[in-house]
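First comes the structure, then the notes that go with it.
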Protein chains: 2
Amino acid sequence: MNRTLTALAALSLCVPAAANLPPPPLDLAQQADLALTSDDYAYAFVEGLTTEVGPRQAGTEAEARARAWAVEWLKQYGFENIAIEPFMMDTWVPGDIARARVTAPFAQDLVVLPLGDSAATPAGGIEAEVVFFRTVDELRAAPEGSLKGKIAYISHAMSRTQDGSQYGFAGPARWVGAGIAASKGAVATVIKSVGTDNHRNPHTGSTSFPDGVAAIPAGALSLPDAANLERMFVRARGRPITMRLEMNPRRLGMTESGNVVGEIVGRNPSLPPVLLACHLDSWWNGPGAFDDAAGCGIIIAAARRVANAGRPLRTVRVLLAGAEETGLWGSKAYSAAHINEPIAVGLESDFGADRIWRFDSNFRETNPALHKKIASAVARFGVSSGSDVATGGADLNIVRDQKGALIDLQQDGTRYFDLHHTPDDTLDKIDIAQLRQNVAVWTQVVGLLASEETAILTGTPIPAAPAIMEK
Amino acid sequence: MNRTLTALAALSLCVPAAANLPPPPLDLAQQADLALTSDDYAYAFVEGLTTEVGPRQAGTEAEARARAWAVEWLKQYGFENIAIEPFMMDTWVPGDIARARVTAPFAQDLVVLPLGDSAATPAGGIEAEVVFFRTVDELRAAPEGSLKGKIAYISHAMSRTQDGSQYGFAGPARWVGAGIAASKGAVATVIKSVGTDNHRNPHTGSTSFPDGVAAIPAGALSLPDAANLERMFVRARGRPITMRLEMNPRRLGMTESGNVVGEIVGRNPSLPPVLLACHLDSWWNGPGAFDDAAGCGIIIAAARRVANAGRPLRTVRVLLAGAEETGLWGSKAYSAAHINEPIAVGLESDFGADRIWRFDSNFRETNPALHKKIASAVARFGVSSGSDVATGGADLNIVRDQKGALIDLQQDGTRYFDLHHTPDDTLDKIDIAQLRQNVAVWTQVVGLLASEETAILTGTPIPAAPAIMEK
């Protein structure tokens, strides 16, 4: 805060009191400093989207309202070349019934939600014995046909990590558990939510079924309900545990979704743009404040702040992708439509709203000068340079397809899997100070990239071009 | 922990290695110390009841299962004179549909649960404009008939306090809000949950309707949903906000509930007993780990530990009351049945499982020696003597009706209204160290009371009676 105050004080000293001239704009570093202590662009985006639209399941009318809302937002914030780029997708919706009840030996209701692509149960539900699997590997080892007529329960608990790396361990319970169980004859699957909280709000998310295996009902129990069910297995001492499960999700067939794009046009629009990505859809069960309204708020705020410091050399483009959650439909559609238009570098914000603590690039060895320049510029925000090779967020398929430059601004994921894909992913979970730090770091990094005069991946100088637009 | 280890070390020194005699029992203070560091009686009760029975709505078969379970528990822990004392009650059940959706101008679902004694909506729900009231006083000031055809929303937010005193301010939104709204013509009421958390789990609880005012549908929104609705009122700038509400609670008429009692019979059973109370029922939406499985676990553990220190002078009786939540049915029935059997002193545990930080009695001035003796004995557990006059818990109607002695062992309520009456009131919320401190304090206090040779309220010496049973 001292830095900003000093900067502002210095500015006022430079402007003669009687000049009647507007003060000179804050430069890029000053814009970043200002974001750190007082940015409200990103918070206002999250508040607006979660309040005025709320949940926005991919392929539904709610997601379409979110696109219209985002277009208005980009207009208000002075973006150019704003467009909705529609695409078609195969749409699943959750229905309005999700009930699980242990019927014996310890009768009680459990809190469940369907996983994306889950089949429906018959009306009235199905009742079957529950078979307990500690891990996906235990489920894989079950003999073929051994689950015939049974409900498979998969525990496979997740631990809390700052870098979110435990998602790689725990995710498969959701991603492939139902498919494996179905292939062994199970009539349904319930998993322990892939999450780290202790609230009775299940974590949904996509599951999948192998070719030739028909979808079965697949649900996630909240963490406390899963723990309760596991205690029942201990206390039942071999007596069968039976569960009645009722859910009515359904498939809508092909419906329209779309990506929203907007630009801060650079002084030399012929240069490949800097692409900032997030996704606009959320699961139906929550307004997706962390996932990923915050990401969209951050990239829009950063692009706006970069522009506030003066029109950048390169165009900065924001991509608010549609239908990320249900299979990266927007990311794939964007790549397919624009694969022949080179992107200078891609960055995505899709891991909540807590502080950035590390950054990785995929050009640390090929363009070390730029990597070091970024490292030097963000160190003051508590961000260190990592040694991983950046792979980019889910909505950056186009950059991966072009084998282009990527930067990952790594957010602190300690809280992320408390909220991920739950009803609890609401505005109040946003820590404003940490959200502002995100915008500060993004502003600094995007501003540097947008003024970069080398090809970002290789460090090769780009031809000096006449500025096509006035600064 | 040092104290206990020292005590145990001292004990072993007293027992000659070759004696082959059982070690002498720990005395009362040692039992309390042991509870502080290693009690699992109370936790085991909470784990067992929440796992094997779960939610236990008053007057339902689930509550009956809880009574049977508790009887078995008391038998296992060596209680005597165990009994179920049945009574009849007018029973309300919540149904299985609770949906709220803002239909305009910002269409989205909100998370709602019915309040106890809520009426049902018509099937398919009702849709109406929502009128915003900041407080119950604002609602009271609304002109008669002004809510005709409308849904009243009452905010009336609660703050977090250690002593729970904000319940007195915030509670009326739930207790009387729906009745006031109905009397002014409202077709339904939704309130901001009376709670302090930020999770999407509404806080239910009883509401009531004045004589001559027909019940209307009355629900509680989760705190994040209520905050969202309030933001909508700001953003709507005068446009009407409409909501569709659907809930299907119903009344079952008179059904059976019951109290469970058990005793540690004293050496002189002719003396009035020490009565320890809790309630066995919970709301249907959660297993009631804090409210009030923990309370029952604490009083049973304390009574057991008092007995472990040797049979006390007075009988210690536990009362696991039925149907507290829906109107103190068990408390009233117990008083009606036993009003002519004097109680020496009553204590209740019904405010969660966090540490006791203060105690109050209603005999500080009439029996100061005893009050000071208790104060001196519990100070080592971090409990100070308060200057309030104890009024006793909800299930101590009999003691109030007898104008008898009361002690309130005040628990830290900082977290209590995060969980109170929510689905989130689950086993994992129990802080074992704090639960043990409760048992330690209760053991110490109940042991002192059960060996007290004065009439507790007045300090008058009781006639020295021959010990009827061996120590």
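The values are calculated or read from the model by the stated rules, or taken from the named source; none is laboratory data. Values in this document were obtained by computation on a predicted structure and should not be read as measured data. Counting neighbours? That spans all protein chains shown, and the Cβs are built from the backbone with ideal geometry, glycine included. Side chains included, ligands, DNA and RNA excluded: accessible areas come from the protein's heavy atoms. Shrake-Rupley method; radii C 1.70, N 1.55, O 1.52, S 1.80 Å.
Convex hull volume per residue, computed on the Cα atoms of region A:134-278, equals 190 Å³.
Computed from the C-alpha gyration tensor, the three semi-axes of the ellipsoid equivalent to region A:275-321 are 26, 10, 5 Å, from longest to shortest. Within the set B:Lys373/B:Lys403; B:Lys75/B:Lys332; B:Lys372/B:Lys403; A:Lys150/A:Lys184, which residue pairs have Cα atoms separated by over 19 Å? Violating the 19 Å Cα-Cα cut-off are B:Lys373/B:Lys403; B:Lys75/B:Lys332; B:Lys372/B:Lys403. Think of it as helices only: each DSSP H run of n ≥ 4 in chain B is worth -39500 (n - 2.57), and spread over all residues that comes to -10000 deg cm²/dmol at 222 nm.
Taking the DSSP beta bridges with both ends in the protein assembly as shown, the antiparallel portion is around 55 percent.
Of the residues A:Ile432, A:Val445, A:Gln402, the one whose Cα sits farthest toward the positive end of the charge dipole of region A:334-471, with +1 on the Cβ of Lys and Arg and -1 on the Cβ of Asp and Glu, is A:Val445.
Which whole number gives the average, over all residues in B:219-231, of C-beta atoms from other chains lying within 10 Å of the residue C-beta? Show your work: numbers first, answer last.
On the way: counts 0, 0, 0, 4, 2, 11, 4, 0, 4, 8, 1, 1, 6.
The mean count of partner-chain Cβ atoms within 10 Å per residue comes to 3.
One residue of chain A places its C-beta nearer than any other to the axis carrying A onto B; that residue and its whole-Å distance are A:His199, 2.
The mean accessible area for residues of region B:339-388, using a 1.4 Å probe and ignoring ligands and nucleic acids, is 42 Å² per residue.
Chains A and B together bury roughly 2700 Å² of accessible surface, counting both sides and using a 1.4 Å probe on protein heavy atoms. Residues whose amide H comes within less than 5 Å of that of A:Gly205, counting only those at least five positions distant or on another chain, are A:Gly116 (H built at 1.01 Å from N in the peptide plane).
Once the Cα atoms are used to define both axes, helix B:28-38 deviates from the longest principal axis of chain B by about 50 degrees. Ranked from shortest, the separations from the 7 Å Cα-to-Cβ label point of A:Lys403 to its equivalents in the other copies are 9.4 nm. Just need log10 I(q)/I(0) for region B:82-207 at q = 0.11, 0.19 Å⁻¹, Debye formula, equal scatterers on the alpha-carbon atoms, no solvent, rounded to two decimals. Listed by q, the Debye log ratios stand at -0.43, -1.15.
Which value, in Å to one decimal place, does the Kirkwood hydrodynamic radius take for the protein assembly as shown when every pair of different Cα atoms is included?
Numbers: mean 1/r = 0.0325 Å⁻¹.
Kirkwood hydrodynamic radius for the protein assembly as shown: 30.8 Å.
Within the assembled protein chains, the solvent-accessible surface assigned to A:Met254 is about 110 Å², based on a 1.4 Å probe. What the phi angles of region A:40-49 give under the Karplus curve with 6.51, -1.76 and 1.60, with θ = phi - 60°, is a coupling list of 10, 4, 5, 4, 4, 4, 5, 4, x, 5 Hz, glycine and proline written as x.
Here's how it looks for B:Gly219: its modeled amide H is under 5 Å from those of B:Leu115, B:Thr189, B:Val190, B:Ile191, which are all 5 or more places away or on a different chain. Computed over the alpha carbons of chain B, Rg followed by Dmax gives 24.3, 88 Å.
Taking all protein chains together and rolling a 1.4 Å probe, A:Arg239 ends up with roughly 130 Å² accessible. Solvent exposure of B:Tyr167, expressed as accessible area, is near 50 Å², computed with a probe of 1.4 Å over the protein chains only. Return, ordered by residue number, the residues of region B:81-114 whose backbone nitrogen is under 12 Å from a label point located 7 Å along Cα→Cβ of B:Ala214. No residue passes the distance filter.
Rounded to the nearest whole Hz, the Karplus-based 3J(HN,Hα) values (6.51 cos²θ - 1.76 cosθ + 1.60, θ = phi - 60°) of region A:311-325 follow the sequence 4, x, 4, 9, 5, 10, 10, 9, 10, 9, 6, x, 6, 6, 4, with x at glycine and proline.
Taking θ as phi - 60° and the Karplus parameters 6.51, -1.76 and 1.60, the scalar couplings of region A:157-169 work out to 5, 9, 10, 7, 9, 5, 8, x, 5, 5, 4, x, 6 Hz in sequence order, x denoting glycine and proline. A simple spin-label model places the labels of B:Ser384 and A:Asp90 6.7 nm from each other, with each point 7 Å out along Cα-to-Cβ.
A simple spin-label model places the labels of B:Ile432 and A:Met254 5.8 nm from each other, with each point 7 Å out along Cα-to-Cβ. Placing a label point 7 Å from the Cα of B:Gln162 along the Cα-to-Cβ direction, the residues of region B:385-400 whose backbone N falls under 14 Å of that point are B:385-387. Note on region A:53-200: antiparallel DSSP beta bridges, both residues inside, total approximately 25 percent of the bridges counted.
How big is region A:32-149 by the Kirkwood estimate over distinct Cα pairs, in Å?
For region A:32-149, inverting the mean 1/r across all distinct Cα pairs yields 19.5 Å.
Sorted from nearest, the other copies put their A:Ala104 label points 5.3 nm away, the label point being 7 Å from Cα in the direction of Cβ.
Per atom type, the protein assembly as shown shows carbon and sulfur on 56% of its accessible surface, probed at 1.4 Å.
Averaged over the residues of peptide A:422-430, the number of Cβ atoms from other protein chains lying within 10 Å of each residue's Cβ is 5. Pair-distance distribution P(r) for region A:110-157, from all Cα-Cα distances in 10 Å bins starting at 0: 20, 51, 28, 1 percent. Rounded to the nearest Å, what's the spacing between the alpha carbon centres of region B:295-361 and region B:115-178? Just the number, please. Measuring centre to centre over Cα atoms gives 33 Å.
Here region A:206-293 was treated as a single set of alpha-carbon atoms; its pair distances binned every 10 Å from 0 give 10, 23, 27, 19, 12, 6, 3, 0 percent. Count Lys and Arg as plus one, Asp and Glu as minus one, and take only other residues whose Cβ is under 13 Å from that of A:Ala128; the net charge is then +1.
Per-residue extension of 0.36 nm, minus the Cα-Cα distance of B:Gln76 and B:Ile97, leaves a gain of 3.6 nm for this segment.
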